[in-house]
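**Q** Here's a structure for you.
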Amino acid sequence: GEDVEQSLFLSVREGDSSVINCTYTDSSSTYLYWYKQEPGAGLQLLTYIFSNMDMKQDQRLTVLLNKKDKHLSLRIADTQTGDSAIYFCAESPSDNYGQNFVFGPGTRLSVLP
Amino acid sequence: DVKVTQSSRYLVKRTGEKVFLECVQDMDHENMFWYRQDPGLGLRLIYFSYDVKMKEKGDIPEGYSVSREKKERFSLILESASTNQTSMYLCASLTSDRGNTNYGYTFGSGTRLTVV
């Protein structure tokens with residue numbers, strides 16, 4: 001079945017760039033997502049990318065998709081303490097209406113002053 | 001913006017109690033979902049619904065049921081709460097356009113349930 005993998009922890013210094021990586025297995029995935037979860041809260045959709053795109057940029061966020069290697073990354077420029085959270089990668093296979101989202105385990109980003 | 005509201009942020013219930021977790025969305029979405037989130041296990045799908053009175057089992061439906069009497073409301077029911085159902089419960093609604101382009105979930109803020 002589908003599987004999404006991420007490293008569990010990442011620490012960066014404030015002002016540096018953060019890169020959170022994700023690999024997925026379903027080559028038919030149509031949509032790939034990044035969600036952010038702050039302590040005690042639900043998941044917030046940060047950004048998404050369609051599988052026919054290589055890159056998407058949104059202010060400090062850059063998403064890169066390597067479809068050949070099934071690798072997705074999220075780069076956060078000028079990381080701030082408010083970026084400390086858990087970041088989830090998710091894929092949505094084609095031919096469904098959302099019921100088969102597969103989430104990664106989440107990467108806990110710690111931003112050090 | 002789509003809003004998904006879960007009625008309680010924190011709940012403490014006793015073993016054997018019947019527990020209702022309520023979720024309401026305000027965007028006329030057809031697809032709604034219940035997940036539980038546990039450390040080390042990530043998000044696991046309990047049930048989902050793609051229309052009123054329709055429900056489908058997810059990956060871990062045992063011990064749970066759901067109700068979707070109105071489009072905007074999707075309820076998760078723990079028939080007889082047990083300590084292993086202590087968890088964070090997340091409701092989500094699917095954001096898509098009329099062409100079924102899928103923009104991802106909108107999540108509620110979660111309900112942290114403790115069963116004692």
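**Q** Ordered by residue, what ³J(HN,Hα) values in Hz, to whole numbers, does segment B:51-59 give under the Karplus form 6.51 cos²θ - 1.76 cosθ + 1.60, where θ = phi - 60° and Gly and Pro are x?
**A** Working through the residues one at a time gives 5, 4, 6, 9, 8, 9, 6, x, 7 Hz.
**Q** Can you give the mean number of other chain Cβ atoms that lie within 10 Å of the Cβ atoms in peptide A:28-39?
**A** For this peptide, the per-residue mean of nearby foreign Cβ atoms is 2.
**Q** Next question. Would you calculate the separation in nanometres between label points at A:F50 and A:L8, each defined as 7 Å from the Cα along the Cα-to-beta-carbon direction?
**A** 3.7
**Q** How much area per residue is accessible in chain A when the probe is 1.4 Å and only protein heavy atoms are counted (Å²)?
**A** With the other protein chains kept in place, chain A gives 49 Å² per residue.
**Q** With a sphere of radius 11 Å drawn around the Cβ of A:E14, what net charge do the other residues whose Cβ falls strictly inside it have (Lys, Arg +1; Asp, Glu -1)?
**A** With Lys, Arg at +1 and Asp, Glu at -1, the net is -2.
**Q** Next question, about the same structure. Packing-wise, with mean Cβ within 10 Å as the measure, how do B:6-13, A:71-78 rank, highest first?
**A** With the highest mean Cβ count within 10 Å placed first, the list reads A:71-78, B:6-13.
**Q** Same structure again: Per residue in segment B:25-46, which ones lose no less than 10 Å² of accessible surface when going from chain alone to all protein chains (1.4 Å probe)?
**A** Listed in order, they are B:N31, B:F33, B:Y35, B:Q37, B:G42, B:L43, B:L45.
**Q** So what are the ³J(HN,Hα) numbers for segment A:5-20, from phi and the Karplus equation (6.51, -1.76, 1.60; θ = phi - 60°), rounded to whole Hz, Gly and Pro as x?
**A** Once θ is set to phi - 60°, the couplings for segment A:5-20 become 10, 9, 6, 8, 9, 8, 10, 9, 8, 3, x, 7, 8, 10, 10, 10 Hz.
**Q** Moving on to the next point. Accessible surface of A:L64 in the full protein assembly, 1.4 angstrom probe, to the nearest 10 Å²?
**A** Per-residue accessible area (A:L64): approximately 80 Å².
**Q** What's the carbon and sulfur percent of the protein assembly as shown's accessible surface, probe 1.4 angstrom, rounded to a whole number?
**A** 47
**Q** I would also like to ask the following. How big is the dipole moment of chain A about its Cα centre under a simple scheme where the beta carbon of each Lys and Arg is +1, that of each Asp and Glu is -1, and everything else is neutral? Debye, nearest 20, please.
**A** Charge dipole of chain A: 180 debye, to the nearest 20.
**Q** Right, another one. Taking H as built 1.01 Å from N, whose amide H comes closer than 5 Å to the amide H of B:E17, not counting residues under 5 places away?
**A** B:A81
**Q** Further question on the same structure: Report the charge-dipole magnitude of the protein assembly as shown in Debye, nearest 20, computed about the Cα centre from +1 at each Lys and Arg Cβ and -1 at each Asp and Glu Cβ.
**A** 480
**Q** Of all beta bridges DSSP finds with both residues in segment B:1-113, what is the antiparallel percent, to the nearest 5?
**A** Bridges in segment B:1-113 that DSSP calls antiparallel: roughly 95 percent.
**Q** If you add up the charges near B:Y47, with Lys and Arg at +1 and Asp and Glu at -1, over every other residue whose beta carbon is less than 9 angstrom from its beta carbon, what do you get?
**A** The answer is +1.
**Q** Return one whole number: the accessible area per residue of chain B in Å², for a 1.4 Å probe.
**A** About 50 Å² of surface per residue is accessible.
**Q** Any idea of the total accessible area buried by the A-B contact, 1.4 Å probe, rounded to 100 Å²?
**A** That pair of chains buries around 1600 Å² in total.
**Q** What ranking do B:38-45, A:84-91, A:42-49 get when scored by the average of other Cβ atoms within 10 Å per residue, highest first?
**A** A:84-91, A:42-49, B:38-45
**Q** Of the residues B:E72, B:E30, B:E62, which exhibits the maximal mean-square fluctuation in a Gaussian network model of chain B defined by a 10 Å Cα contact cut-off?
**A** In the Gaussian network model the winner is B:E62.
**Q** Here is a follow-up. Note down the magnitude of the dipole of chain B about its Cα centre, charges +1 on Lys and Arg C-beta and -1 on Asp and Glu C-beta and zero elsewhere, to the nearest 20 debye.
**A** Charge dipole, chain B, about its Cα centre: 300 debye, nearest 20.
**Q** Can you tell me which of A:54-63, B:20-29 comes out highest on packing, and rank the rest after it, using the mean Cβ neighbours within 10 Å?
**A** Averaged packing, sorted descending, gives the order B:20-29, A:54-63.
The values are calculated or read from the model by the stated rules, or taken from the named source; none is laboratory data. Predicted, not measured: the structure shown is a model, and the values here were computed from it. FYI the Cβ positions are ideal-geometry reconstructions off the backbone, even for glycines, and counts take in every protein chain you see. The accessibility values were calculated without ligands, DNA or RNA, using every heavy atom of the protein model including side chains. Shrake-Rupley method; radii C 1.70, N 1.55, O 1.52, S 1.80 Å.
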